[in-house]
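Sharing a structure with you now.
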Amino acid sequence: MIHFPHADALCALPQPYSPESIPSGLFDRAMAEISLFHSHHTPGYEDWLNANGLAVEDLEHLTDWSRLPPIYANYFKQRLLVSPTGEEALELTSSGTGGQKSRMRYDERSMAAAQAMVARIFDHYGWSTPDAPCNYLLLSHEPEPDNRLGTAYTDQFLCRFAPVNSLTYALRHTGNGHEFDVFGVIRALQAFAEQGLPVRIFGFPALLWHVLERMRESGVPDLTLASDSLVFLGGGWKKQAAQEIPRHQVYERITRQLGIEAHRCRDGYGAVEHAVPYIECARHRFHVPVYSKVFIRHPSNFEVQPFGEAGLLSFVSPYISSSPAHAVVMSDLATLHPATCECGSSTQWFELHGRAGTSASRSCAMAAAELIKEH
């Protein structure tokens, strides 16, 4: 059994948005520890370092982790990259009904670290309510025997923070794939409003927007769900970026049609290639928790960009031992901002600008969007 005392200590910090609570040097020691492990045990990783101007001996003294060469997230669609701890580990994939899928392995340690981060963030925002049963609407795939979709796995995990009274899936398993049951979702929301219990809505924003549009078009009266309900969205929209609805507009419609105030509506950024959670604060900004660092890279040369300049979103975090995904760069464009936010969290935050490029690359959200039946 391989131990990662520094990485585990960092991932166990109880205050997700308090940089002052990080013991001095812990992040550097944790990153060095996980980077050395991959250099010594993960095939090809030392060659990747060397090709990018780093030697293994440099790792123990590194403090600027933007120098650690990231792996492009799309590369995980082409090749399964695993360390020895990932050979028999849980495999999750990124897309739904076809197209290229990222395949990622999560050993027990890595998955436990990522889930513990989510738990501490839910505690931070007061969303862990073990004594308050909730009705759940999961805007994701109903489980099937061999469902390895990362989003489905995440949404089911999120049901642990409040007892399940009842649970409805938007994407119903038909025995031959999944189908979007928009009218079943509307009936469930009407029943939830009558019961009066808190409602938790998790999943794809495109599916929720379609539900709200169908309610409006069908003349379904606005609902008033319990005031302590929670909407926690994650994932993108349809294949055409022009169809994406701005988040503030989505939140306004949720408030109008479901009665849930905007501060109880949050978006989450995550990917199967990088499981650290980035969750909006009450001001709807994606704060960087103490478990990772974010860099913005120029799309053409990967140079690190200053605050306020847009570029590719890049992450480093020592949470993962089963794959050399402790330094990754995504295909999402973003801008990083300093630790100044009215919400009180003292960490940097980023804003998303959408996918880079115009390729027809697919994601869970794209696959899910195809299941929206335009009748």
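Please go through region 76-127 and pick out each residue that is basic (Lys, Arg) and either under 30 Å from ALA282 (Cα atoms) or part of a helix (DSSP H, G or I) (or both).
Hits for region 76-127 are LYS77, ARG109, ARG120.
Among the residues of region 236-253, write down those that are among the small types (Gly, Ala, Ser) and either more than 20 Å from THR154 (Cβ to Cβ) or modelled with pLDDT of 75 or more (or both).
Within region 236-253, ALA241, ALA242 qualify.
Only one of these conditions is not met by GLU46: (1) outside any loop (DSSP other than H, G, I, E, B); (2) touching a residue at least 12 places away in the same chain (Cβ under 8 Å). Which number is it?
(2)
Could you list all residues from region 114-144 that are within 30 Å of MET31 (Cα to Cα), open to solvent by less than 10 Å² (accessible area, probe 1.4 Å) and small (Gly, Ala, Ser)?
Selection gives ALA114 alone.
A further question on this structure: Out of all the residues in region 53-67, which are within 29 Å of the chain's Cα centre (by Cα) and in a helix (DSSP H, G or I)?
Selection gives LEU59, TRP65, SER66, ARG67.
Which residues, taken from region 37-52, are surrounded by 15 or more Cβ atoms within 10 Å (Cβ to Cβ) and of a type in the set (A, V, I, L, M, F, W, C)?
Within region 37-52, PHE37, TRP48, LEU49 meet the criteria.
Conditions tested, residue by residue: (1) at negative phi; (2) open to solvent by 20 Å² or more (accessible area, probe 1.4 Å); (3) hydroxyl-bearing (Ser, Thr, Tyr).
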residue	(1), (2), (3)
ALA262	yes, yes, no
ILE279	yes, no, no
PRO289	yes, no, no
SER292	yes, no, yes
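Go through region 7-36 and count every residue that is closer than 9 Å to PRO318 by Cα and open to solvent by 20 Å² or more (accessible area, probe 1.4 Å).
The total comes to 2.
Quick check on this structure: which one of ASP107, ASP155 is modelled with pLDDT of 90 or more, in contact with a Ser or Thr (Cβ under 6 Å, 6 or more places away or on another chain), open to solvent by less than 30 Å² (accessible area, probe 1.4 Å) and charged (D, E, K, R)?
Sole residue among the options that is modelled with pLDDT of 90 or more, in contact with a Ser or Thr (Cβ under 6 Å, 6 or more places away or on another chain), open to solvent by less than 30 Å² (accessible area, probe 1.4 Å) and charged (D, E, K, R): ASP107.
To continue, here is another question. Applying the selection to region 296-309, what residues are among the hydrophobic types (A, V, I, L, M, F, W, C), closer than 16 Å to ARG67 by Cα and open to solvent by 30 Å² or more (accessible area, probe 1.4 Å)?
PHE302, VAL304, listed by residue number.
A further question on this structure: Quick check on SER229: is it under 19 Å from the mean Cα position of the chain (by Cα), of a type in the set (S, T, N, Q), closer than 28 Å to SER128 by Cα and open to solvent by less than 40 Å² (accessible area, probe 1.4 Å)?
no
The values are calculated or read from the model by the stated rules, or taken from the named source; none is laboratory data. Keep in mind the model is a prediction, meaning the values are calculated, not measured. Don't worry about glycine lacking a Cβ; one is built from the backbone with ideal geometry, like all the others, and counts go over all protein chains shown. Note: areas computed on protein heavy atoms with side chains; ligands, DNA, RNA excluded. Shrake-Rupley method; radii C 1.70, N 1.55, O 1.52, S 1.80 Å.
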